[in-house]
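Take a look at the structure below.
The values are calculated or read from the model by the stated rules, or taken from the named source; none is laboratory data. Keep in mind that what you see is a predicted model, and the values were worked out from it rather than measured. Please note: Cβ atoms are built from the backbone with ideal geometry, for glycine as well, and neighbour counts cover all protein chains shown. We work out accessible area using only protein heavy atoms, side chains counted, and drop any ligands, DNA or RNA first. Shrake-Rupley method; radii C 1.70, N 1.55, O 1.52, S 1.80 Å.
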Number of protein chains: 2
Amino acid sequence: MAKTCKVSFEPGGVSAEVPAGTTILVAANRSGVYVNSLCGGDGVCGRCRVIVKEGKTSGGSTEFFTREEIQHGYILACQGKVVSDLMVEIPPETRLTGAPQYIEGEVPLLTDMSKLAGRSVSLSPLIRKTYVELPRPSLDDNVSDLQRLEQALSKSLQTQGFQMGLKITRRLPVVLRKADWKVTVVSGYRGPLTEIVDVEAGDTSKRNFCIAADIGTTTVVCNLVDLYSGQTLGHAAKYNSQVRYGADVIRRIIFATQTPENEKAMREAIVGDLNELIDQLATKYRLGGSDISLISIAGNTTMVHLLLALPAEHIRKEPYTGVAYRLPPFRAAEIGLHISPRGLLYSLPCVAGFVGADIVAGIFATGIAQSSETRMLIDIGTNGEIVIGNKDFLICASASAGPAFEGSECKSGMRATRGAIDHIRLQDADHVLQFSTIGSEKPVGICGTGYVDLIAEMLQVGLIDKTGQLNADASTDRIREGAQGVMEYLLLPASQTGNDSDLTISQSDINNILRAKGAIYAATTVLLESLNMKFQDLTEIMVAGAFGNFLNVENAVIIGLLPDVPCEKLRFVGNASLAGAKLAALSKDCYDEIFRIAEMTTYFELSTEPSFMDQFVSACFFPHTNVELFPSVMAKIGPQKVR
Amino acid sequence: MAKTCKVSFEPGGVSAEVPAGTTILVAANRSGVYVNSLCGGDGVCGRCRVIVKEGKTSGGSTEFFTREEIQHGYILACQGKVVSDLMVEIPPETRLTGAPQYIEGEVPLLTDMSKLAGRSVSLSPLIRKTYVELPRPSLDDNVSDLQRLEQALSKSLQTQGFQMGLKITRRLPVVLRKADWKVTVVSGYRGPLTEIVDVEAGDTSKRNFCIAADIGTTTVVCNLVDLYSGQTLGHAAKYNSQVRYGADVIRRIIFATQTPENEKAMREAIVGDLNELIDQLATKYRLGGSDISLISIAGNTTMVHLLLALPAEHIRKEPYTGVAYRLPPFRAAEIGLHISPRGLLYSLPCVAGFVGADIVAGIFATGIAQSSETRMLIDIGTNGEIVIGNKDFLICASASAGPAFEGSECKSGMRATRGAIDHIRLQDADHVLQFSTIGSEKPVGICGTGYVDLIAEMLQVGLIDKTGQLNADASTDRIREGAQGVMEYLLLPASQTGNDSDLTISQSDINNILRAKGAIYAATTVLLESLNMKFQDLTEIMVAGAFGNFLNVENAVIIGLLPDVPCEKLRFVGNASLAGAKLAALSKDCYDEIFRIAEMTTYFELSTEPSFMDQFVSACFFPHTNVELFPSVMAKIGPQKVR
Ligand code: FES
Ligand code: FES
């Protein structure tokens, strides 16, 4: 039997006992420490850099590191095996600590939805708490306890068709009598039926709270909403812990479907994340065990499957079918969520394997489906989803863009967390004019919006050309040969960064971003073409998504991620999914409308569309092969800069 | 610590080890042997007669026994305590072995219901099995697995609004693919929604069976119904094992509400009974684990509460309110029933604490609520329930009659099982002309219909007078002083019986029957009066109920249990409840109609009606104080015989 070694991690001071021969990545997972592991431990992404401070390891000192780094103790956590007790430091760029930036974006209120819908959308939450005082039973009025309750509720809610589970029915007579017939009925919307979820003694009708959650592949964001007042009280966000099993949905599906234990681990990771956020909000706002009776979830299709333990396996295999896209409400306790034990989970509907409830909720919250004018919604993440439509039709497609805009895949890329450069301006090829970091900390990396700015600036100062090639002739010595002979541009030297490493952008980073933006732009073009439309026909183009901070829309046009339309037609709408999840919770009408939207949305399969590859190739230029599509950009960067 | 004694019971040969000091009744319950115990062990009913053949006991030799009986070893099982190892014989009259008589009565078929309803009532069972062959998913058609299933089902069933639980949704992709997209969908009716209960590989649509159950206080009767053909395949019946905890609902409620263990024991008793009958039918008809997907239950209110573990406590206390009378379908496995693990239990609706689903099902099956003519339904049991109505109104009442007509409370009374005299004719005061017993065995007691005949005959041959007084002047020496100085009539001497005991009817037996019939007749009168109606206004009077065999309706009129209306207006309809439970299972329309009937039925509380006591007193004569109400009876028994 292998001997057991103790692996301690800094910062944090946690440790795990593992058999010798275990990888450091596994040891980190065991001890609950997050280590960036984009490729899921295959040793190919180079993101799991850690520094061994004390003890012996074998392997993991790969070509990802410079000689200095190796001397410094750097190894790949997924390749380095534990030989003795270890002390391991996780450098900032490898950590997944800290919370993601929380972006509310342009969140519509019910009053906005009323305007959009052209009729009053009133506060009618999916879970209601109704205080009723029942007449005491007498010989003249000796209906059953349940009927007595239903009669009062029916009067109050102006509805019929109640249904109640056996367990709560069993408790009913005791609750009613102990509370002297003054109770609060917790009732949940189930379409034509209303489920009496719980009956609480006394008047608790003002203690009715909800969690609205957007479960993304990368981040999990929750709002705490007061269903009595309709107000949003607070928010909390964290990275999706499933990332330790793979950065994208494909890797996670592969992992989850390997063994039942894996599936369980995957489910427990996301349930744990949600519970952490719920607990955090409940503590902050001093909520009790039965105060939160509803969780409304907008997740992408894979996230919903993994959360509910629906086998996700077929989502990733042609023809990409999920188990179920439209689900009725479930008891949240059934999957272990920390809301009221009898509270309900409403999972918003998905459209296809790669068009999830997050998009549907976003379509709703942006009001696209409420207008007779045609709009486009672009949700940028590892998968870019594109929607075009109005109140009469909706069509959507999904294009795999890779995680570049989520801050992965690039050497200095990082998520939009503390220390990430989110905006940057260059003075010229040699000088950075200004930049900002999240949390105003010393920079340790670049996040998605930072890369959009950086590429746009590099184009304008002539550091790269239309093909994305680094311009060796540029008047700077910041362009140099980096690791493995790949050319790179030195943005900030180690002396100016928070992790004593140079901040760079390499040729392969630029290529990654080129492909990512190319895939998204091509998808928008193909989808428009399928409708015989042009960008000019759209009233508005809205951008939502995984950018951790506000996107500079103008720069997104310069790099050709977004089309060259008048500025006022482009809008960054932030986290529209979360807004949709919240609106659904607040109003049955909104909830129903979201289901109607899912129903009417046509899925357009890009992978079988021959023109997609052509369009992709054409779009793999900055801003585009066809410069006539980007007249304003050409005016800015000038043909002279574009060789 | 008390020493342990072994108590063996004959016949049966089972035994139990109990501490010395335990009563024989408890020992019998422990060993699973049924001992009649009407008063629940209070020592006042005298029904728990057993014979101690070997060993020592203390107590239990009460005034219920003659000196000979005591010498023979008779003691009350509930009072006699175990002192040493015992061998106890349970005489036939104390046993609850054998199955109750199964009476189908006049069971309407769907075609009859169609006639009554004036429209076609088609076979549309509450649980359907639909075989579907799904198109394989492709890139052109990659909806979710669930939607694929729902689309096919929707086409087949011409319905929408499906709902599926999380557990079965999780299994869906595997089932569909293993079965090569050819599956049978088991779907259950939930009003506006259809629940997909299960999905089975291949075509199992012809294996769709249902248990229809009538759960009475005394007997439990089940039908096995083929939902594919609509045919009833078989039946099974047994005594309700809860009888060991009390003969009537009041005693059982008291017992069940004493401790959670008691409630559990009570529930397990009835669940055990149902399972025994289900298993019996499943074995006989070679049904597999998932073939029976539905159980449709018509029970009285208390039975439904005890079965579903709804606290029954308030049913027996003024103002007599149950927990819930209208319940949605539940998973049958939730209460431990041996049908398909995912099968549903549909519990038919009750109206009040003492007007249960058995009555509602009976109202439906007899067609009262489908006709514009007004009819009365009398259900005779420990509680007599009376219904008057037509398609526009329904009113009902419940009167406590005592268990005399169920063969209890009378010295020679017994349930309608083997050896019970069910019909009898006297030649004169001194001679029995003929009698029949159930199973054509040697008589060991008299059941309900036997008592109706016997009293009617005794009236006609002058053995009793209008007040029910035994006629000491009758020309017979069979009238004698019995135990405790109570006068009795010797029907059959021990030499002609199957248990070497005289079969007698005592003055107090006659008084019991007088009160029982008086309560029921008074209830019918008060209810009619409340409507300003007379018996003559009724098109028909139907009698259902706990009689173990066909009631001689003419004799029931003679004793004044039923009113003196033309013979053709009286009809014994047998087990109408079971018929209703079956029709509900076979047709959603019937199920809905039964709920509509429960909804429209007005409960009339007799206990607060001042005229009830007057009517009861007037009805405590044979046939009635007001002989003008019974002209045909007076013609038969003649005023000369009625002193
Ligand atoms: S290289 Fe270690 S996780 Fe990718
Ligand atoms: S006397 Fe023994 S049970 Fe009633």
(request) Enter the Cα centre distance for the pair the stretch A:225-275 and the stretch B:129-194, rounded to the nearest angstrom. (result) 28
(request) Report the GluC sites (Glu not before Pro) located in the stretch B:304-378 that are in a DSSP loop and have at most 14 other Cβ atoms inside 10 Å of their Cβ, or state none. (result) B:GLU373
(request) Between chains B and A there is a rotation axis; tell me the chain B residue with the nearest beta carbon and how many whole Å away it sits. (result) B:PRO192, 2
(request) One decimal, nm, shortest first: give the distances between the label point of B:GLU529 and those of the same position in the other copies, each label point 7 Å from Cα along Cα→Cβ. (result) 9.1
(message) Can you compute log10 of I(q)/I(0) for the stretch B:19-72 with the Debye formula, treating each Cα as one identical point scatterer, at q = 0.18, 0.22, 0.27, 0.28 Å⁻¹?
(response) -0.64, -0.97, -1.37, -1.42
(message) Quick query: amide H of B:TYR131 versus all other amide H atoms, modeled in the peptide plane; which residues come in under 5 Å with a sequence gap of 5 or more or a different chain?
(response) B:VAL185
(message) Need one number: nm distance between label points at A:ASP614 and A:PHE393, each 7 Å from Cα along Cα→Cβ, rounded to one decimal.
(response) 2.1
(message) Using helices alone, I'd like the mean residue ellipticity at 222 nm for chain B: each DSSP H run of four-plus residues gives -39500 (n - 2.57), total over residue count, nearest 500.
(response) -9000 deg cm²/dmol
(request) For the stretch B:4-94, give the percent of accessible area contributed by carbon and sulfur heavy atoms, probe 1.4 Å, rounded to a whole number. (result) 47
(request) Shielding by partners for A:345-356, please: the mean number of other protein chain Cβ atoms within 10 Å of each residue's Cβ. (result) 1
(request) Determine, from the Cβ-Cβ distance of B:ILE51 and B:GLN434 and an R0 of 30 Å, the FRET efficiency 1/(1 + (r/R0)^6), rounded to the nearest 0.05. (result) 0.45
(request) Give a residue-ordered list of calculated ³J(HN,Hα) values for the stretch A:504-509 (Karplus: 6.51 cos²θ - 1.76 cosθ + 1.60, θ = phi - 60°; whole Hz; x for Gly, Pro). (result) 10, 10, 9, 4, 6, 4
(message) Rolling a 1.4 Å sphere over the protein heavy atoms, what is the accessible area per residue of the stretch A:126-201, to the nearest Å²?
(response) 40
(request) Would you mind checking the tilt of helix A:145-157 against the longest principal axis of the Cα atoms of chain A, expressed as 0 to 90 degrees and rounded to 10? (result) 60
(request) Jot down the radius of gyration and Dmax of the stretch A:404-505, Cα atoms only, both in angstrom. (result) 12.6, 36
(message) Taking the full set of protein chains and a 1.4 angstrom probe, give the accessible area of B:GLU409 in square angstrom, rounded to the nearest 10.
(response) 80
(request) Report, as an integer, the average count of C-beta atoms from other chains found within 10 Å of each Cβ along A:167-173. (result) 5
(request) Would you list which lysines come within 22 Å of B:LYS238, measuring only between C-alpha atoms, while excluding same-chain residues fewer than 8 positions from it? (result) B:LYS264, B:LYS284, B:LYS442, B:LYS582
(request) Quote to one decimal, in nm, the extra length available between A:GLU318 and A:SER138 on full extension: 0.36 nm per residue of separation minus the C-alpha distance between them. (result) 58.3 nm
(request) Can you tell me the order of B:57-67, B:126-136 when each peptide is scored by its average per-residue count of other Cβ atoms within 10 angstrom, highest first? (result) B:126-136, B:57-67
(message) Explain nothing, just the number: dipole magnitude of the stretch A:4-94 about its Cα centre with +1 on each Lys and Arg Cβ and -1 on each Asp and Glu Cβ, in debye rounded to the nearest 20.
(response) 160
(request) Enumerate the lysines that A:LYS466 could reach by cross-link, defined here as Cα to Cα under 23 Å, with residues fewer than 8 away along the same chain left out. (result) A:LYS411, A:LYS517, A:LYS636, A:LYS641
(message) Check which residues have an amide H placed less than 5 Å from A:MET164's amide H, if you skip close sequence neighbours.
(response) A:ILE196
(message) Quick query: amide H of A:ILE464 versus all other amide H atoms, modeled in the peptide plane; which residues come in under 5 Å with a sequence gap of 5 or more or a different chain?
(response) A:LEU459, A:ASN471
(message) Defining the label point at 7 Å along Cα→Cβ, can you sort the distances from B:GLU334 to the same site in each other copy, shortest first, in nm?
(response) 1.2
(request) Compute the distance in nm between two label points, each set 7 Å from the Cα along the Cα-to-Cβ direction, one at B:MET634 and one at B:GLU481. (result) 3.8
(message) Just checking the output field for A:323-330: average partner chain Cβ neighbours within 10 Å of each residue's Cβ?
(response) 6
(message) From the gyration tensor of the Cα coordinates in the stretch A:534-643, what semi-axes in whole Å does the equivalent ellipsoid have, largest first, with each one equal to sqrt(5λ)?
(response) 33, 19, 12
(message) Could you give each residue of the stretch A:555-560 its phi-based ³J(HN,Hα) in whole Hz, using Karplus coefficients 6.51, -1.76, 1.60 with θ = phi - 60°, and x for Gly or Pro?
(response) 5, 4, 6, 4, 7, x
(request) Among the lysines, select those whose C-alpha is under 19 Å from the C-alpha of B:LYS3, and discard any that sit fewer than 8 residues away in the same chain. (result) B:LYS56, B:LYS81
(message) For the stretch A:150-256, which trypsin sites (Lys or Arg not before Pro) pass both filters: DSSP loop (anything but H, G, I, E, B) and at most 14 other C-beta atoms within 10 Å?
(response) A:LYS206
(request) Could you tell me the total accessible area buried at the A-B interface, probe 1.4 Å, in square angstrom to the nearest hundred? (result) 3800
(request) Of all alpha-carbon pairs in chain A, indicate the percentage at a distance above 39 angstrom. (result) 36
(message) So if I restrict to the alpha-carbon atoms in the stretch A:4-94, what is the Rg, and what is Dmax, the biggest pairwise distance, in Å?
(response) 11.4, 31
(message) Under the convention of a label 7 Å out along Cα→Cβ, give the distances in nm from A:LYS6 to the same position in every other copy, shortest first.
(response) 6.2
(message) I'd like the FRET efficiency for B:SER495 and B:GLU10, computed as 1/(1 + (r/R0)^6) with the beta carbon distance as r and R0 of 25 Å, rounded to 0.05.
(response) 0.60
(message) What percent of all Cα-Cα pairs in the stretch A:126-201 falls into each 10 Å bin, going from 0 up to the bin containing the maximum distance?
(response) 20, 58, 22, 1
(message) Accessible area per residue for the stretch B:434-520 in Å², computed with a 1.4 Å probe and the full protein assembly in place, what is it?
(response) 34
(request) Compute the distance in nm between two label points, each set 7 Å from the Cα along the Cα-to-Cβ direction, one at B:GLU334 and one at A:LYS534. (result) 6.1
(message) Calculate the FRET efficiency for B:GLU63 and B:ALA2 from the Cβ-Cβ distance with a Förster distance of 25 Å, rounded to the nearest 0.05.
(response) 0.30
(request) Please work out the ratio of the alpha-carbon Rg of the protein assembly as shown to 2.2 N^0.38 Å and round it to two decimals. (result) 1.20
(message) If every alpha-carbon in the stretch B:515-555 counts as one equal scatterer, what log10 I(q)/I(0) does Debye give at q = 0.14, 0.16, 0.19 1/Å?
(response) -0.40, -0.52, -0.72
